[in-house]
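> Have a look at the structure that comes next, please.
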Amino acid sequence: MAAAWRRRGAVRSAVAVLAIGALLAAPLAVGTAAAQAKEFRFGIALSLSGIFSRDAALLKETYDLWAETVNREGGIKVKGTGYPVRLIYYDDESAPAKSAQLIERLATADKVDMLLGGFGSSIVFAASAVAEKYKYPYISGAASANPIFERGFKYVFATLNKTFDEVEGAAKVFGAAQPKPKTAAIIGADHLFTKLSAEGYKKFAGEMGIDVVHFEIFPLALTDYNSLLLKVKRVNPDLLLVGSLFAHSLRVMRALKEVDYTPKGLAFSYGPTVPDFIKELGRDAEGVVAASEWVPEMPFKDPVFGSAREWREQMLKRWGKEPDYVQAAAAAGVVAQQKAVEALGLTPPLSEKDREALMEQLHKQDLETLYGRVKFGADGAIVLKPPIAVQVQGGKFVMVYPQEVGGVKAGKLVYPLTPWRAR
């Protein structure tokens, strides 16, 4: 118990250091209301610890690079004046209820000007309800579960496709595989996004005439993945489709190798595109298919970063690794909010009326970004983007579905996979 308390204390201290560091980076006097009025303060409840921490770390990298880029250029420009941005992070410990509490704190105690979204559909579902209550636009680049958009909210937005649309490519890429797959096993973690991913896979398998011979939702905290995958091995399906986040994808891959089972095709809803997936698995990652919505080769322009390629180069230089499509989606969300503020001529501190105007502007805004077109529907979901599937080939991701998106042509799907013993 004492050790756990010390760990939580260390995380809180780290968050405080981050907030202070961001403040010192801005050329402002500290400790006066006037100083606060000269900057835009963004509040973020993010999973800096817990099961989603490695996924959420990608969002922090994205937000930090955006803030550094904007501040280097003199801040958010409103009517010729630049207003620096400051990011205030709190750790939600990968707990939805905690995230909701922290959003309330940011809105009522810290009185931040704007919010940036957290990671994961369960987190965002809870946090966005509080943002709606206090009339703060909440844009997520890392949540897609359909129920988020079914509550009639006006202040919630997302740059990812809804979950069924997001996993469509990772399922349908196998529709043209030869020999044609006849059976599939579908498993998913007991989490809002991953359960819906599994349901989406089942839907698309049915549409392709593929028989689902095993379907299972496993506990989020499952530790014995070998037993789970042995059940799949016994029915020996052609495809294994997994509703996952990063931690689940790693555990499934390691268990597959340990039980010596290689399906002909293997796809995940999320996880493999996190840079550490290939880094940790090496050649064992070869042939894995993952859902995606963006690749850096797409010829998109961006009002802050220049283009998709330039943003990718900046991320690579700053963090030393290839960016993930969720990072691109999150970057597009914060750029969209920045451009809405500039279009409205809003200056800090923002009032409730300002935030209402910001919400309305986001609903009508149509913007090209590094991620492509960002246009939100009435429910806050992004206007449908083409669902993409990528596959690890030669240690890199190759788009394998659809045939072409944004001028980028798909490569050939590697199928069937090479058995573990032959790799």
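The values are calculated or read from the model by the stated rules, or taken from the named source; none is laboratory data. All values derive from a computational prediction rather than experimental measurement. All Cβ positions, glycine included, derive from the backbone under ideal geometry; neighbour counts span all protein chains shown.
> Yes or no: residue 410 small (Gly, Ala, Ser), over 30 Å from residue 260 (Cα atoms) and in the same structural domain as residue 149 (by TED's automatic domain parsing)? So that I can check it myself, show each step before the final result.
Numbers: small (Gly, Ala, Ser): yes; over 30 Å from residue 260 (Cα atoms): yes; in the same structural domain as residue 149 (by TED's automatic domain parsing): no.
The answer is no for residue 410.
> Related question: Kindly provide the set of residues from segment 228-251 that are closer than 15 Å to residue 216 by Cα, part of a helix (DSSP H, G or I) and in contact with a helix residue (DSSP H, G or I) (Cβ under 6 Å, 6 or more places away or on another chain), ordered by number.
Result: 229, single match.
> Quick test of your reading of the structure: residue 277 fulfils all but one of (1) over 21 Å from residue 198 (Cα atoms); (2) free of Cβ contacts under 8 Å to residues at least 40 places away in the same chain; (3) within 19 Å of the chain's Cα centre (by Cα). Name the failing condition by number.
It is condition (1) that residue 277 fails.
> Starting from segment 394-423, keep only residues that are among the charged types (D, E, K, R), then list their pairs with residues that are surrounded by 15 or more Cβ atoms within 10 Å (Cβ to Cβ) and assigned to a loop (DSSP other than H, G, I, E, B) whose Cβ atoms are within a distance under 7 Å, requiring at least 6 positions of separation or different chains.
Sorted first by the residue in segment 394-423, then by its partner, the pairs are 404/410.
> Just to be sure before I move on: is residue 272 buried (at least 21 other Cβ atoms within 10 Å of the Cβ) and at pLDDT below 95 in the structure I sent?
So residue 272 fails the test.
> Is there any pair with a first residue in segment 124-146 that is surrounded by fewer than 24 Cβ atoms within 10 Å (Cβ to Cβ) and a second that is modelled with pLDDT under 95 and charged (D, E, K, R) whose Cβ atoms are under 9 Å apart and which are 6 or more apart or on different chains, and what are they?
146/162
> Which of the residues that make up segment 169-184 are crowded, with 24+ Cβ neighbours inside 10 Å and either free of Cβ contacts under 8 Å to residues at least 40 places away in the same chain or not aromatic (Phe, Trp, Tyr) (or both)? Don't jump to the end; show me each part of the working.
Restricting attention to segment 169-184, the residues satisfying the condition of being crowded, with 24+ Cβ neighbours inside 10 Å are 169-171, 173-174, 184.
Residues satisfying the conditions are 169, 170, 171, 173, 184.
> Same structure, new question: Among the residues in segment 95-105, are any under 21 Å from residue 340 (Cα atoms) and in contact with a strand residue (DSSP E or B) (Cβ under 7 Å, 6 or more places away or on another chain)?
So the first thing to find is which residues in segment 95-105 are under 21 Å from residue 340 (Cα atoms), and the list is none.
No, segment 95-105 contains no residue that is under 21 Å from residue 340 (Cα atoms) and in contact with a strand residue (DSSP E or B) (Cβ under 7 Å, 6 or more places away or on another chain).
> What's the total number of residues in segment 323-343 that are surrounded by fewer than 17 Cβ atoms within 10 Å (Cβ to Cβ) and without any contact (Cβ under 8 Å) to a residue 60 or more places away in the chain?
1
> Could you list all residues from segment 398-422 that are under 24 Å from the mean Cα position of the chain (by Cα) and surrounded by 18 or more Cβ atoms within 10 Å (Cβ to Cβ)?
Scanning segment 398-422 gives 399, 400, 401, 405, 410.
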